[in-house]
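Throughout, read-outs are computed from the coordinates displayed, never taken from laboratory work. Since the structure is predicted, the reported quantities are computational estimates derived from the model, not experimental observations. As a convention, Cβ positions derive from the backbone with ideal geometry for all residues, glycine included, and neighbour counts pool all protein chains shown.
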Amino acid sequence: MMSIRPCHCDRYVPERAYRPSRDCNKCWLYAHDPALRRAWGGDPAACVPLRTAGPDTPAAELADFLAQGPADGLPDGWKLWPAAREAHRLLTAQFLAAMPAYPAGRFRGRGAVICGGGAYEACAYVCCRMLRHVGWGHPIQVWHRGAEEPVSARVRGLPGVEVIDIEAHPARAGRRLMGGWESKSFAVLNAPFEEVLFLDADCYPVFNPDECFEPANNPHGIVTWPDVSSGDGAVHWDTYGVAPDGEPGLNGGHYVFTKRRAWPVLQLAAHYDNHSDFYYWRSWLGVEVGAFGDQEQIRVALRQLGTPSHRYAARPLKCDDGAYLQPGPHGRPLFVHRFANKFAEPGKFAQNPHWHPGRFPMEATAWQYFLDWMAAPVYDAAFPDDVPGLFTAAECAMWLETCAGRDVLELGRFSGRSTVVSAQSGRRVVSLDLRSDADADFWLQRYGLRHKVWLRVGYFADLIPTSGGPFSACLIDGGHDFQPVATDIAGVVPHLAPGAVIGFHDYEDSNFPGVKAAVDAAAESRGWTLANRADHLAVFLTPSAKVKR
């Protein structure tokens, strides 16, 4: 017997802040903290246990269970239950019987649809720029998943580019699941265009894709592109009750759709995406249920509905250096799909971007746009949240004001959030840290500030005497115990200008009591006075210093 909870929230993300406009205040997912539930207006006693099901649950009952929301309460291995397979076949049959008809008159014109934001924003920016570079004259839409995939002014400011928030879209309420892969079919179905060029954010054209819409090059209203041979077996066909297609695998980084003709395929693939907790296996190894991901749902839908589509080749022209090269009409190279060697800031993906000149068409042009994205100054509402680091917004604001016009020495930078703040208002900055300067180097370039900062790697005691003091401002954020902080203070003081200000992070933080103890001892012995506080950042005035407010 299954117990039914009164509500569910399919947008839950662990440790994410609650928002009344997005989340259900009675959801069991938040019930583990009764104090939070009461603060949000929910009664902890009103929560019933998570609904459950087992391998003996009848398929029809399990189908009803799965239709209500994500399969949160099912045990590991539930996908292999015979009842789970039968339940999903029932759900598919019900969907096909009630599939919405093509909405005549709703869609018009031609446009490009790109899914990406957050870690994929640089890719999306390059894709938009490359589309315009090769002559694409139609609208471009970039679809992203709200705060999970933010899109900054770098993309929003591109001419002819519209940014769409999937989480704010009216159709979002009708979707059971929405991840990055699931968002593709949603974006294509809900984009206003009749003729759609869909591109993954990490894919871009090297000549104008308009040719793919010409009848001679698109006889069925659907063009797909092939995968390498390892993708051929990425579908467990028996899951869907469909005979294998016997065709090369499908690569989902690029599609051309005429919606009137592709409508049933898009609808059925979206249904499978909406049950991705069953149909996505997400591994090339051991595909026992469903398929690898979103691209296979299109492949299955084409096969299940018997819908013809067109390809320009049986295999990609090349798969090397973390990218596919895909052909257009007549075999001419059309798309570079950077499935691994993606454009992004360091650390966003397992492989950092590498330029392989001569391996792919227009590599230098694409890199030019990536460098534009990386180095163009950006001062928008994204800062400081887009730069990794532990400085809060209040701490950033106070340190920004403190550093105005000063020569700044920084001991400890992590990924560079405080460094960016210092450089925004300071005259010059010398930043010291034992860890690599790669992250800070990137973010300083993103904000157009790299020229103001000397990034040095090594031990503070070794670097401070040769860093070009005296300094009128200093931030100490290295060690977090009494002795390292006291040592850093003793090493810095001889290199401070008269009237310098000195800031300490993690001051009065209960996790690091040694910081406050060392700072207070130094302040008492050296005649410093506390000038300003913001969260755990404390700024002291050395003798003869003037308060900057």
- When the Karplus curve 6.51 cos²θ - 1.76 cosθ + 1.60 is applied with θ = phi - 60°, which whole-Hz ³J(HN,Hα) does each residue of segment 393-399 get, with x for Gly and Pro? 4, 5, 5, 4, 5, 5, 5
- What list of ³J(HN,Hα) values in whole Hz, one per residue of segment 296-307 in order, does the Karplus curve 6.51 cos²θ - 1.76 cosθ + 1.60 (θ = phi - 60°) give from phi, with Gly and Pro shown as x? 6, 5, 5, 4, 5, 4, 4, 5, 5, 8, x, 8
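Round to the nearest 0.05 the FRET efficiency obtained for V228 and H330 when R0 = 22 Å and r is the Cβ-Cβ distance.
Values: r = 22 Å, r/R0 = 0.98.
Efficiency, rounded to the nearest 0.05: 0.55.
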- Between V151 and residues 5 or more places away or on another chain, which pairs have amide H atoms under 5 Å apart, with H built 1.01 Å from N, and which residues are they? G118
- segment 195-212 - phi-based ³J(HN,Hα) in whole Hz, Karplus 6.51/-1.76/1.60, Gly and Pro as x: 10, 10, 9, 9, 9, 4, 4, 8, 10, 8, x, 10, 8, 5, x, 3, 4, 6
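Looking at the chain, which longest stretch skips every one of the GluC sites (Glu not before Pro) that is in a DSSP loop with at most 11 other Cβ atoms within 10 Å, leaving the sites themselves out? Before the final figure, lay out the partial values.
Working: sites that count: E15, E288.
Counting only loop sites that pass the neighbour cut-off, the longest clear stretch is 16-287.
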- Message: Per 0.36 nm of contour for each residue apart, how much would the distance between T52 and A490 grow if the chain were fully extended, relative to their Cα-Cα spacing?
- Response: 151.5 nm
- Query: Which whole-number percentage describes the relative contact order of the chain, with Cα contacts under 8 Å and a sequence gap of 6 or more?
  - Reply: 9
- Note on the structure: In degrees, nearest 10, the alpha-carbon axis of helix 259-274 is tilted away from the dominant principal axis of the alpha carbons of the chain by 60
- Message: Just to confirm the number: angle between the C-alpha axis of helix 82-97 and the first principal axis of the chain, 0 to 90 degrees, nearest 10?
- Response: 70
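Quick one: H356, H310, H133, H505, fewest Cβ neighbours within 10 Å first, how do they rank?
Working: H356 12, H310 15, H133 18, H505 24.
The fewest-first ordering by Cβ neighbours comes to H356, H310, H133, H505.
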- Within the chain, what percent of beta bridges assigned by DSSP are antiparallel, to the nearest 5? 45
- What is the helix-to-structure angle for 513-526, meaning the angle in degrees between its Cα long axis and the longest Cα principal axis of the chain, kept from 0 to 90 and rounded to the nearest 10? 30
- DSSP bridge orientation in segment 110-372 - percent antiparallel, rounded to nearest 5: 55
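Per 0.36 nm of contour for each residue apart, how much would the distance between Q94 and D238 grow if the chain were fully extended, relative to their Cα-Cα spacing? Numbers along the way, then the final one.
Working: separation 144, 0.36 × 144 = 51.84 nm, distance 1.86 nm.
50.0 nm is the gain from fully extending Q94 to D238.
Only Lys, Arg, Asp and Glu count, each charged at its Cβ (+1, +1, -1, -1), so figure out the dipole size of segment 428-549 about its Cα centre, rounded to 20 debye. Could the numbers behind the result be given before it?
On the way: 12 positive and 14 negative charges, 142 e Å.
Here segment 428-549 has a charge dipole of around 680 debye.
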